Amino acid sequence: MQVWVPDCPGAGCFANGIDQECAWHVHDMERCRSIYGDDCDATDTARKAQQVTAMPVSSGNYNVDGYVCLGTKTDIWYPSTGGPYPFVIYLHGSGGGDDGRSSQFASVASTGLVVVAPVTGGYPGGNCSSKTEWEDAVTAWTSSKSGGSNLSPGLAKVDWSKTGIWGYSMGGKTTPEASIQQPMGASAVVCSHDARNSTVLGVPALYITGTEDDMSSPPSVMLQQFDEDSDSRKIFANLQGGEHTWPITRGTMNPWIAKFFGCELSGRSSDCDSVYGSGSGTLCAANNYAQCNVVQPSAIAV
């Protein structure tokens, strides 16, 4: 069991002034209290107020041959009980590895997802780039499905008809291309702090950026990608003050990534209401955004 309580200021672990963001990541209160003491009580209250259900999570790794970004290790996080669950593939940034987010993946998996991350090399390395990393999503999916429980007990818990792609930075750029590859048949994607080729997208998408992201896909580029996406369900979230590395250092949007996949892959109406709705308790009301646009049959913008 992994527990993540970031080193945030304030009692109860406040992130960005909203303690739900840190609180959400705690899914083993007994261990949390043993490490952080009374802060966990305030954290637990905030988590319950956000109505987050967290399952016990198991983790492991297995080897997959054929990644273009070099390497074979593939990390996995999955609910310890129950199933089947949707399958989510994480595509890393140019630095490679898991972007230092293993405990974050455990938290996302705890909502009822099997999350895998190819722990491969970055750019430049081998044939690894934003133009090729999508191939590793295909390789991870096909090898994981064919190997099943022989590779990891978590793969026996997968509903292979429900796949999501979650890309950050370089991985975000390659995510739209990954989404159209068969036989994966991705049903939803997250492009975090980078995106390209969004005209090919035909599934719901969550675009995440921040006003202080000055890398190759600043907010203006991410908004353009959002606009080029013709799908009828999509979200653009531009965090005020958000930097390119916030997904790694803060994980502010992880609860909403989990809810987005919970809506689009698991079909949970409560998650759909949270991510696409308006007012208290919804994505666009949860943080300080420079811009938050939701497009669906009844669209909102704040």
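Bear in mind these aren't lab numbers, they're just calculated from the coordinates by the rules spelled out. Source: prediction; values computed, not measured. Quick reminder, even Gly has a Cβ in these numbers, built from the backbone with ideal geometry, and neighbours come from all protein chains shown.
Of 271, 227, 65, 194, the sequence from fewest to most neighbouring Cβ atoms within 10 angstrom is 65, 227, 271, 194.
A crude spin-label estimate for the pair residue 81 and residue 199, with each label 7 Å from Cα along the Cβ direction, gives 5.0 nm.
Seen from residue 229, the other residues with C-beta closer than 15 Å to its C-beta sum to a net charge of -2, counting Lys and Arg as +1 and Asp and Glu as -1.
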